[in-house]
Amino acid sequence: MADFFHQNLSYFLSGISVGGQYALIAIGYTMVYGILRLINFAHGDVFMCAGLMMVYLSSSLPFTISIPLVLILTVAIGFVIERVAYKPLRSAPRMSVMISAIGVSYLLQNAALYFTGGLAKVYPEIPVLSRSIVIWDATTRVVTLVTPFLTIILVVLLSMLIKHTKVGMAMCAVSRDFETSQLMGIRINRVISMTFMLGSLLAAVASLLYFTNYASVTPTSGSMPGLKAFVAAVFGGIGSIPGAVIGAFIIGICENIIKGGASIFGIPGSGWTTFSDAFTFAFLIVVLIVKPTGLFGEKSVDKV
Amino acid sequence: MFEIKGLSVNYGGIEAVRDISLSVPEGAIVTLIGANGAGKSTTLRTIAGLVKPRAGKIEFMGEDITGKDPAYIVGKGITLVPEGRRIFPDLTVLENLKIGAYLRQDSIEEDIEWVYSLFPRLRERSWQYGGTLSGGEQQMLAVGRALMSKPKLMMMDEPSLGLAPLVVKDIFSIIEKINKEGVTILLIEQNANMALKIADIGYVMETGQITLSGKGSDLISDEGVRKAYLGG
């Protein structure tokens with residue numbers, strides 16, 4: 001058994017790491033859904049934009065400035081998207097807002113295409129994160145080890161924010177009932193903006209970790225991780241933050257176990273990697289059929 | 001203290017409230033009675049800032065508050081206990097009370113104590129989720145939550161809705177008690193009998209207009225009111 005782990009350690013490690021990155025993105029989906037009942041299709045592209053901004057900014061600025069700047073700018077993008085594309089549709093049918101979200105997604109992708117000329121941009125090597133290390137004979141990068149810890153720290157901070165601050169309480173209230181929240185004196189637009197900003201911040205952190213591993217950014221780099229994080233959020237029960245985190249880790253780990261199929265299951269074949277994405281989406285279909293509300297999906301306790 | 005002049009509100013494509021005027025003196029209990037769909041709820045929702053009026057003026061303590069947003073109006077000291085209580089089911093009783101004081105910066109401990117002394121049942125259930133309370137307890141919580149904003153004027157939308165007669169009696173005696181402690185009350189009710197009994201002033205609303213007004217005790221003996229709302 002120990003031998004088995006030893007041999008396949010690198011798959012497990014990258015599974016946990018990718019899982020953490022998906023988790024950070026998935027929180028953005030799940031929080032926005034929790035409040036607006038909107039699947040923010042542009043979220044994966046916000047993540048991509050954070051990656052691209054890092055490419056451009058780090059070429060002329062030191063990391064100590066470019067990294068905080070990327071975080072701030074990504075938060076600003078999240079804020080602006082909500083104000084421009086979603087807020088005017090607050091009382092429109094949900095479908096209109098969703099279409100607006102799809103529009104924003106393509107807008108961001110095409111803006112990125114325009115700026116990059118469609119070429120893959122090489123992601124900068126962030127000094128500490130990209131260093132290679134060897135753990136128990138498995139070669140990996142520091143980022144692989146840092147990701148799960150950083151993810152958990154951020155999730156704990158986020159839950160503390162939600163549980164113990166006024167803004168957090170307002171978020172819970174708004175996610176339940178817009179109108180009654182307003183009667184309490186809560187300015188719902190501020191709370192909604194705050195939600196988008198938090199989600200974008202976490203997506204920006206995820207982009208730092210994710211692209212350090214993948215080394216290049218293209219205009220469509222956000223779609224796949226975005227979709228997988230979305231699947232993770234659905235699996236965990238969309239609207240639930242712990243659900244999204246657990247779902248993301250499970251998907252990240254499963255995906256990498258499949259990638260390592262040949263050696264892990266002892267079944268030879270070179271096509272395993274190709275199926276790792278297919279697995280995620282097949283999994284989504286199974287979840288939707290078997291348990292549409294996900295692991296921690298909303299259970300209603302309303303009483304009239 | 002509080003005054004509505006010529007208020008008209010369109011709601012859901014129809015003119016739900018047509019040119020109504022009413023006034024609420026400080027320290028009074030004022031009730032607005034009328035059948036379902038008469039425009040009572042729309043009136044309260046407009047005062048609270050949830051709905052924007054088409055015409056007219058709403059004045060509170062000499063200030064024009066027409067069309068202001070709900071947070072501003074709550075900050076001024078007007079609160080609404082909404083129809084159907086609308087407590088937050090996945091917050092605890094205590095959290096529900098705290099969120100009622102959302103805009104306040106000062107210490108709220110004393111007022112939590114005050115609400116608990118008005119409703120001892122809530123103290124017992126302090127750590128329970130709002131959604132697990134009975135209908136009557138939820139109504140108490142909704143009133144307590146509204147009181148946490150330290151209102152000068154508390155508006156109540158059908159507090160007796162769906163409650164057992166005994167519980168309704170409790171709620172009404174609490175309303176009187178709160179009023180004696182200095183909170184002005186504007187109450188709308190289908191249970192006209194109960195409402196008129198405790199009200200200083202009553203208004204009767206029909207299809208968006210105020211058709212009758214007077215002292216609570218006068219309305220209760222009015223022939224037309226008896227026929228229409230008090231079951232003969």
Residue list for the stretch B:62-85, filter: surrounded by fewer than 20 Cβ atoms within 10 Å (Cβ to Cβ), on the phi > 0 side of the Ramachandran plot and at pLDDT below 95: B:Gly62, B:Gly67, B:Gly84
Test each condition in (1) within 21 Å of B:Thr184 (Cβ to Cβ); (2) within 13 Å of chain A (Cβ to nearest Cβ); (3) in contact (Cβ under 8 Å) with a residue 24 or more places away in the chain; (4) not charged (D, E, K, R) for B:Leu91 and report the one that comes out false. (1)
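Given the criteria closer than 21 Å to B:Lys40 by Cβ, touching a Phe, Trp or Tyr at 6+ places or on another chain (Cβ under 9 Å), within 14 Å of chain A (Cβ to nearest Cβ) and at pLDDT 90 or above, does B:Leu186 qualify?
Numbers: closer than 21 Å to B:Lys40 by Cβ: yes; touching a Phe, Trp or Tyr at 6+ places or on another chain (Cβ under 9 Å): yes; within 14 Å of chain A (Cβ to nearest Cβ): no; at pLDDT 90 or above: yes.
So B:Leu186 fails the test.
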Among the residues of the stretch B:94-104, count how many are more than 7 Å from chain A (Cβ to nearest Cβ) and either on the phi > 0 side of the Ramachandran plot or within 19 Å of the chain's Cα centre (by Cα) (or both). 3
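Could you tell me whether B:Ser8 is assigned to a strand (DSSP E or B), without any contact (Cβ under 8 Å) to a residue 24 or more places away in the chain and either of a type outside the set (Lys, Arg) or buried (at least 23 other Cβ atoms within 10 Å of the Cβ) (or both)?
Numbers: assigned to a strand (DSSP E or B): yes; without any contact (Cβ under 8 Å) to a residue 24 or more places away in the chain: no; either of a type outside the set (Lys, Arg) or buried (at least 23 other Cβ atoms within 10 Å of the Cβ) (or both): yes.
Considered against the rule, which asks whether it is assigned to a strand (DSSP E or B), without any contact (Cβ under 8 Å) to a residue 24 or more places away in the chain and either of a type outside the set (Lys, Arg) or buried (at least 23 other Cβ atoms within 10 Å of the Cβ) (or both), B:Ser8 comes out as no.
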Answer residue from the stretch B:52-88, given it is closer than 26 Å to B:Ile14 by Cα and basic (Lys, Arg) and is farthest from the other protein chains (Cβ to nearest Cβ) among those: B:Lys57
Can you list residue pairs whose Cβ atoms sit under 8 Å apart, with the first residue in the stretch A:169-194 being under 18 Å from B:Leu80 (Cα atoms) and the second being outside any loop (DSSP other than H, G, I, E, B) and aromatic (Phe, Trp, Tyr)? Count only pairs 6 or more apart in sequence or on different chains. A:Ile188/A:Phe178
I'd like the full set of residues that are among the aliphatic types (A, V, I, L, M) and modelled with pLDDT of 90 or more, limited to the stretch A:120-134. A:Ala120, A:Val122
Quick one: would you say B:Leu80 is under 19 Å from A:Ser181 (Cβ atoms) and of a type outside the set (Gly, Ala, Ser)? yes
So, in the stretch B:59-86, exactly how many residues are closer than 17 Å to B:Ile185 by Cα and in a strand (DSSP E or B)? 6
Can you find even one residue in the stretch A:36-49 that is farther than 25 Å from A:Phe196 by Cα, modelled with pLDDT of 90 or more and not aromatic (Phe, Trp, Tyr)? no
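Only one residue in B:Ser126, B:Ser117, B:Ser107, B:Ser160 is in contact with a strand residue (DSSP E or B) (Cβ under 8 Å, 6 or more places away or on another chain), more than 9 Å from every other protein chain (Cβ to nearest Cβ) and surrounded by fewer than 20 Cβ atoms within 10 Å (Cβ to Cβ), so which one is that? Lay out the reasoning, then the answer.
On the way: B:Ser117 fails: in contact with a strand residue (DSSP E or B) (Cβ under 8 Å, 6 or more places away or on another chain); B:Ser107 fails: in contact with a strand residue (DSSP E or B) (Cβ under 8 Å, 6 or more places away or on another chain); B:Ser160 fails: surrounded by fewer than 20 Cβ atoms within 10 Å (Cβ to Cβ).
One residue alone meets the criteria, B:Ser126.
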Is one or more of the residues making up the stretch B:31-42 under 17 Å from B:Met154 (Cβ atoms), at pLDDT below 95, under 14 Å from the mean Cα position of the chain (by Cα) and part of a helix (DSSP H, G or I)? yes
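Residues are listed down the side, and each one gets a yes or a no for (1) modelled with pLDDT of 85 or more; (2) closer than 30 Å to B:Trp114 by Cα; (3) in a helix (DSSP H, G or I); (4) not charged (D, E, K, R):
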| site | (1), (2), (3), (4) |
| --- | --- |
| B:Gly182 | yes, yes, no, yes |
| B:Ala195 | yes, yes, yes, yes |
| B:Met205 | yes, no, no, yes |
| B:Lys227 | no, no, yes, no |
| B:Gly231 | no, no, no, yes |
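The values are calculated or read from the model by the stated rules, or taken from the named source; none is laboratory data. Predicted model, so just to flag it, every value in this text is computed and none were measured. Quick reminder, even Gly has a Cβ in these numbers, built from the backbone with ideal geometry, and neighbours come from all protein chains shown.
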